[in-house]
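Below is one structure, written out as structure tokens, with a few remarks after it.
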Amino acid sequence: MTEEKDGPASIQEEGHEEVSVQYVAYCDILGFSNRILTDFDNTLKTYREFGKLVCGGETFKEVKTTMYSDAILITATSLVRLLQAAQGLWFFALAHNFMIRGAIAKGRYWEQRMGNDLLVASDALVRAVKLEKSVGVPAIVIADDIEIPDAYWLARFQHGPYVTALLHFRDRNIVNPFNLMWGVSAATRASILVSENPQHKDKYLWFIALHDAVASGQELLIPPDVIKRFMEQGILKFRTSDEQNEPPA
């Protein structure tokens, strides 16, 4: 089987429907279960709005999405489209004081719709679910075996850390939960959640630390091996503190 870096690929197995190679995101809406138990009507209203966004939003084009309770499954043949959708999840979640925990994997994916029923079998989904369970913080983590083109990391220098789709923080490649509209506000909401949910304090403090790293601009937030390669290629150049303080020529 030949896999493409960022596009559709498929194999045909005898006696089965077509099996495609997909990027699969499995995400959990943190705090949803508690709210549905304590405030069903208002939470259902928010959930319906979430569903409308997923079904018709611009950021969810060219992806397939399935929602059941607090779990969301997104599949796409394009990593770009999947990351856009994942960032869309973050935008809506933060706007309603929710956070997201999830994982993205790549692999074989098969589905068959039979009337009202949906059958799914995917090694990528199995890996995404396992990785999501191991993530102890509010983040959508990218599986280590997914090849990420350098263009994704260069975007951090071209457009700034609030616009790039990916960040590298504390040894993880994660979907950027922030954007130009939800920067400081996201950290403020996380601080509120700390006071409301002290039992999950460490998770929210991790999120606040991530925001502080993005906002300060002091960290590159790209993998060390990528930084090394960019230095060797001359894309990045080390500057001393004196050089950084020099006025432009």
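When each pair of different Cα atoms in the chain is counted once in the 1/r mean, what is the Kirkwood radius in angstroms, to one decimal? Don't skip to the end; give the middle numbers.
Details: mean 1/r = 0.0512 Å⁻¹.
Radius from the Kirkwood sum: 19.5 Å.
Please give the charge dipole size of the chain, origin at the Cα centre, charges +1 on K and R Cβ atoms and -1 on D and E Cβ atoms. Round to the nearest 20 debye. The partial results should precede the final answer.
Details: 25 positive and 32 negative charges, 123 e Å.
The calculated dipole for the chain is roughly 600 debye.
Run the simple label-point estimate for LEU118 and TYR162 please: 7 Å along Cα→C-beta, distance reported in nm.
With each label placed 7 Å out from Cα toward Cβ, I get 3.4 nm.
Using every pair of alpha-carbon atoms in the range 25-156, split the distances into 10 Å bins beginning at 0 and state the percent of pairs per bin, rounded to integers.
Final binned percentages: 11, 42, 36, 10, 1.
Please turn the phi angles of the range 118-124 into ³J(HN,Hα) values with the Karplus equation 6.51 cos²θ - 1.76 cosθ + 1.60 (θ = phi - 60°), one per residue in order, whole Hz, x for glycine and proline.
Along the range 118-124, the couplings run 10, 9, 9, 9, 7, 6, 5 Hz.
Which residues in the range 68-98 have a backbone N closer than 15 Å to a point placed 7 Å from the Cα of CYS55 along the Cα-to-Cβ line?
Only 68-69 fall inside the zone, counting backbone N under 15 Å.
Residue by residue, what Karplus-based ³J(HN,Hα) values in Hz, rounded to whole numbers, does the range 147-157 have, using 6.51, -1.76 and 1.60 with θ = phi - 60° and x for Gly and Pro?
6, 10, x, 4, 4, 5, 7, 5, 4, 4, 8
Multiply the residue separation of ASN197 and LEU37 by 0.36 nm, subtract the distance between their alpha-carbon atoms, and state the gained length in nm to one decimal.
On the way: separation 160, 0.36 × 160 = 57.60 nm, distance 1.57 nm.
Separation in residues times 0.36 nm, less the Cα-Cα distance, equals 56.0 nm.
What are the ³J(HN,Hα) values, in whole Hz, obtained from phi via the Karplus relation 6.51 cos²θ - 1.76 cosθ + 1.60 with θ = phi - 60°, for each residue of the range 67-76 in sequence order, with x given for Gly and Pro?
Result, ordered by residue: 10, 9, 6, 8, 9, 10, 10, 10, 10, 7 Hz.
Once you've got the GNM for the chain with C-alpha springs shorter than 10 Å, pick whichever of GLN233, GLN22, GLN87 has the biggest mean-square fluctuation.
The residue that fluctuates most here is GLN233.
Please give the calculated 222 nm ellipticity per residue for the chain, where each DSSP H segment of at least 4 residues contributes -39500 (n - 2.57) and the sum is spread over every residue; nearest 500 deg cm²/dmol?
Values: 9 runs with 106 residues, N = 249.
Per the formula, -13000 deg cm²/dmol.
Which far-off residues, 5 or more places away or on another chain, put their amide H under 5 Å from the one on ILE222, with H placed in the peptide plane?
Close amide H contacts, sequence-distant or interchain: HIS168.
Suppose a student asked you for the relative contact order of the chain, using Cα pairs under 8 Å spaced at least 6 residues apart; what percent would you report?
Numbers: 370 pairs, mean separation 41.0, N = 249.
This gives 16 percent for the chain.
Considering only lysines 8 or more places apart in sequence, or on different chains, count the pairs in the chain whose C-alpha atoms sit under 21 Å apart.
Taking the Cα cut-off of 21 Å, the pair count is 14.
With Cβ to Cβ distances under 15 Å as the rule, what net charge do the other residues near THR65 carry (K, R +1; D, E -1)? Could you put the intermediate results ahead of the total?
Details: positive: ARG48, LYS52, LYS61, LYS64, ARG81, ARG113; negative: ASP28, GLU49, GLU58, GLU62, ASP70, GLU111.
Net local charge, THR65 excluded: 0.
For each of TYR23, TYR68, count neighbouring Cβ atoms within 10 Å of the residue's Cβ, then give the residues from fewest to most. Kindly include the intermediate steps, with their values, before the conclusion.
Details: TYR23 28, TYR68 7.
Going from least to most buried by this count: TYR68, TYR23.
Throughout, read-outs are computed from the coordinates displayed, never taken from laboratory work. Note that the structure is predicted; figures quoted are calculated from it, not measured. Please note: Cβ atoms are built from the backbone with ideal geometry, for glycine as well, and neighbour counts cover all protein chains shown.
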